[in-house]
Each structure stands twice: as C-alpha cells, then as structure tokens.
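Please read the structure below before turning to the comments.
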Amino acid sequence: MIWQDDHTALERFLRYVRIDTESDPASESQPSTERQFDLLRTLRDELSAIGAAEVSLDDYGYLTATIPATVSDPVPTICFCSHVDTSSDVSGAGVKPQVHEYVGGAIDIGSGLGLNERDQPYLSEHVGSCVVTASGDTLLGADDKAGVAAIMDAAEYLLRHPEVKHGKIRLLFTPDEEIGRGVDRLDVASLGADFGYTLDGGAAGSLEGESFSADGVRVIIEGISVHPGYAKGKMVNATRAAAFLLEQLPHDRLTPETTEAREGFVHCVGLEGKAELATLRFIVRDHLTAALDEHVAVLEAACAKTRRRYPRATISLERTHQYRNMGEVLARHPEVMANAREAIRRVGLELREEPIRGGTDGSRLSFMGLPCPNLFTGMQMIHSRKEWVGERDMNLAAATIVELVQVWAGA
C-alpha cells in the first residue's frame, strides 16, 4: 500500500456531514434541493485549492474535475463517483458527528441509542481505531459522504505525488442519488471516461459488480365518495379497496423482510388516499431483469382480485423503468472487476464480493456507456440514526483508489 499516514478522509468527513444535503423525492427540480449545492460548492473550492484541473459545477449539480495523467502511454480514463445527497428516511439536518476511540464493547450514541458487537459484529474489526456516529437525533450521512471524503483524500494524495503512475482520472460528484435521479441529466460523453467506479459500498474489501434491476409501479384506485350518512349501496371507499389489495400480496415471500441474497421482492413504499382516491407506490426488485415481469404480474393479479371485490372501483397500474443490473454490462468488460480485485488485494484486504440488494449511480451509468461497479467506503446501518463508519475504512477506500489507478496504468 502506497501510504498509511497523513490521510485527510476523517477530517473532511466530519466537515461534510455537518452540511445538510437531504434530497427531496417530492421536488421536481434538479437537484431536488438547493442545499445540496452547499456541499458541492465546498468540494469545488477544495478541488481547486488542491490543484485539480477542469473543475466544473453545472446548474444541475454535477461537479467534475480532472487529475491529469502522469504517464504518457495510452491508459483508459477512469472516473470515481460519489453522491452528495442523503436519504430523506431520517433527517440530515443538524448532524453532530461524534468520534469514538473504539476499545470494544458498546458505544453510546445518545438519545437512548447505542451500538454493540452483538448486533453489529463488524464493530469488532475496528478495535483500536476511530468509529464515527451521529448524536442519536439524525442520520450520520456516511451514505455517501464517506465515499466523497475517500475520493477527496485520494485526489489530494495523487495531486501531491506525481511520481505515482496513472492515466487521466475524472472525478464526479452527483446529487439526488437517494431518490433515483442522480444521473438523469448527466452528459456521459462530456465526462470523457472509459470506465468508472462508484464509492458507495459497505464493509472494507467489498466490491459489487451486480445490482438489482428495478422498476416502479403505481396503482391508482378511484372510488366513489358519498356522504357517509347516505352511502349505503352507493359509496366505494378507495382506501378500503387499497387495504384489500395489499392483503392479496404474499406475506411469507417476495417482501424485503422475507428475502435475502439474490431473491427479489415487491415492496409498498407509500400509500396515500381518502374515500374517493387512493394511490399505492411500489418498488419491484430482482437481480434477474426478466423476473421483474413475474413480480409485476403478482401486482396485476392483486389488482384483478380487487376489481372483482370492488367492481365499481376503477383500478389502474402504471409501471416505470428505474434501473437495471449493472452486471449485464460489466460481464462484457471483465477487466473492470479484475483490476478492482487486484487493488483490494494490494491494500491487504480480503475480497468481499456479492451483489447489491439495491442500486447505485453506477447501475444507470453502466447502461449509459460507463461500466461502473461499486467499491466500499465502510458505511454501516445507513439511512438510520444508528449509522456509523470507521476511519480505517475510509482510509482504506482512499488507498484502494490510489492502487487501482496504478493497476490500470500497469504499474
């Protein structure tokens, strides 16, 4: 491993998580929240200060920069990408990061919350190093500011050490990944990279070359609203029909809480309604793209049963494409995964390779012409008030970037 001291990831991370960058799925703007620019502008200024080239932040919230090549031989241009937004599942405002010198046992986060090795066995790998949490009132924002900090750490090191052999490197920071719109307006051609890696993964050593394939489904139920005092034989309550529909779905399979590994699911993420109109929102996931049709068919069957139960209701189903398994693209470019495996080996880590039960910006980037697996950052318990990350893992993520660009350069 090239360097083990003078990392900047922790210091950067502690600053970045204090900046509220929560995205908003209800917003139609790009980015969905203006506050994401607060971190993007900070990163822009820091990139300029450390000597990065071609630093640019556009109106859509895409921040790009270049680390020039240090070799003259033709080497593919590699992009490293992380997103700046945080999930709206838990508030990201007023984050107060806490650094714990971990010696084992339990960690008191605050607000009655804590971490322990029974529930989080990965903590045991951090004895003797620092673990960062929030204060129990917010999420931490390690998803994905740990990735942002690791990329910035590696970028500063590479710019200060031109003796490290590598080709041209492009950096990309995106908004709105958490709401599935991270690369909606990105011009991949102008990015000018041949291959990419998102840093948006978990335990040290993890490498993810497959993601879910994903669609969204919206079911709209139109009922008939009548004054409840005179409703007999007239009213069709859309919310009751919605409840009936949900009951027709499997309870012991095909749900997030009953599936693991490569098993897909149908998940209701929202239900809004009143007597006249109800809307159910679902996400449909599977590592096999063809299986999405089977899962949507389960929803269609539930709609058919509901129509029979409520024949005067109008029930419609709308399906939308979200993203596809990036493994379908990466299979055509085996060197992308092979080089990442070698970089992880060089930093002394055991490879943890498995498919993502979710998606990243890389899922879509891969199908937009930039084959892009996912590398680790160390983030744990994401989207929760128990979110945490280890300083060691962020440093190792930065070191993996430095090793990886050398692998691509044949060094």
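The values are calculated or read from the model by the stated rules, or taken from the named source; none is laboratory data. None of the values given here were measured: they were computed from a predicted structure. Quick reminder, even Gly has a Cβ in these numbers, built from the backbone with ideal geometry, and neighbours come from all protein chains shown. Accessible surface is based on the protein model in full, side chains and every heavy atom, while ligands, DNA and RNA are left aside. Shrake-Rupley method; radii C 1.70, N 1.55, O 1.52, S 1.80 Å.
Structure notes:
- Being in contact (Cβ under 8 Å) with a residue 12 or more places away in the chain and either within 29 Å of residue 284 (Cβ to Cβ) or touching a His at 6+ places or on another chain (Cβ under 6 Å) (or both) holds for only one residue in 167, 141, 128, 136, and it is 141.
- Residue that is surrounded by the most Cβ atoms within 10 Å (Cβ to Cβ), among those in segment 2-19 that are in a loop (DSSP other than H, G, I, E, B) and in contact with a Leu (Cβ under 9 Å, 6 or more places away or on another chain): 17
- Test result for residue 276, at pLDDT 95 or above, open to solvent by 50 Å² or more (accessible area, probe 1.4 Å), of a type in the set (D, E, K, R) and under 29 Å from residue 236 (Cα atoms): yes
- Condition check for residue 28: part of a loop (DSSP other than H, G, I, E, B) and either acidic (Asp, Glu) or in contact with a strand residue (DSSP E or B) (Cβ under 8 Å, 6 or more places away or on another chain) (or both): yes
- Annotation note: of 164, 183, 226, the sole residue that is within 20 Å of the chain's Cα centre (by Cα) and on the phi < 0 side of the Ramachandran plot is 183.
- Filter pass, residue 54 being of a type in the set (Asp, Glu) and assigned to a helix (DSSP H, G or I): no
- Restricting the first member to segment 299-317 and to residues that are buried (at least 20 other Cβ atoms within 10 Å of the Cβ), and the second to residues that are polar (S, T, N, Q) and assigned to a helix (DSSP H, G or I), the beta-carbon pairs closer than 8 Å and six or more apart or on different chains are 313/306; 315/306.
- Positions within segment 53-65 being among the aliphatic types (A, V, I, L, M) and either open to solvent by less than 20 Å² (accessible area, probe 1.4 Å) or at pLDDT below 95 (or both), in sequence order: 63, 65
- Filter result for residue 209 (more than 24 Å from residue 54 (Cα to Cα), at pLDDT below 95 and not hydroxyl-bearing (Ser, Thr, Tyr)): no
- Residue in segment 284-293 that is touching a residue at least 24 places away in the same chain (Cβ under 8 Å), part of a loop (DSSP other than H, G, I, E, B) and of a type in the set (Val, Ile, Thr) present: yes
- For segment 66-86, the criterion of being free of Cβ contacts under 8 Å to residues at least 40 places away in the same chain, open to solvent by 30 Å² or more (accessible area, probe 1.4 Å) and under 30 Å from residue 139 (Cβ atoms) is satisfied by no residue at all.
- Qualifying residue in segment 36-50 (condition: part of a loop (DSSP other than H, G, I, E, B) and either on the phi > 0 side of the Ramachandran plot or open to solvent by 50 Å² or more (accessible area, probe 1.4 Å) (or both)): no
- Number of the condition not met by residue 93 [criteria: (1) exposed (fewer than 14 other Cβ atoms within 10 Å of the Cβ); (2) among the hydrophobic types (A, V, I, L, M, F, W, C); (3) in a strand (DSSP E or B)]: (3)
- The residues of segment 333-358 that are open to solvent by 30 Å² or more (accessible area, probe 1.4 Å) and under 23 Å from residue 186 (Cα atoms) amount to a single one, 333.
- Pick from segment 230-252, criterion open to solvent by 90 Å² or more (accessible area, probe 1.4 Å) and in a loop (DSSP other than H, G, I, E, B), ranking: nearest to residue 312 (Cα to Cα): 234
- Only one entry in 241, 261, 203, 193 is modelled with pLDDT under 95 and aliphatic (A, V, I, L, M), namely 261.
- Output for segment 359-383, where each listed residue is open to solvent by less than 40 Å² (accessible area, probe 1.4 Å), at pLDDT 95 or above and not hydrophobic (A, V, I, L, M, F, W, C): 366, 371, 373, 374, 377, 378, 380
- Residues that are modelled with pLDDT of 95 or more, over 24 Å from residue 181 (Cα atoms) and hydroxyl-bearing (Ser, Thr, Tyr) are absent from segment 10-32.
- Against the criterion of being farther than 26 Å from residue 127 by Cα and at pLDDT below 95, residue 406 does not qualify.
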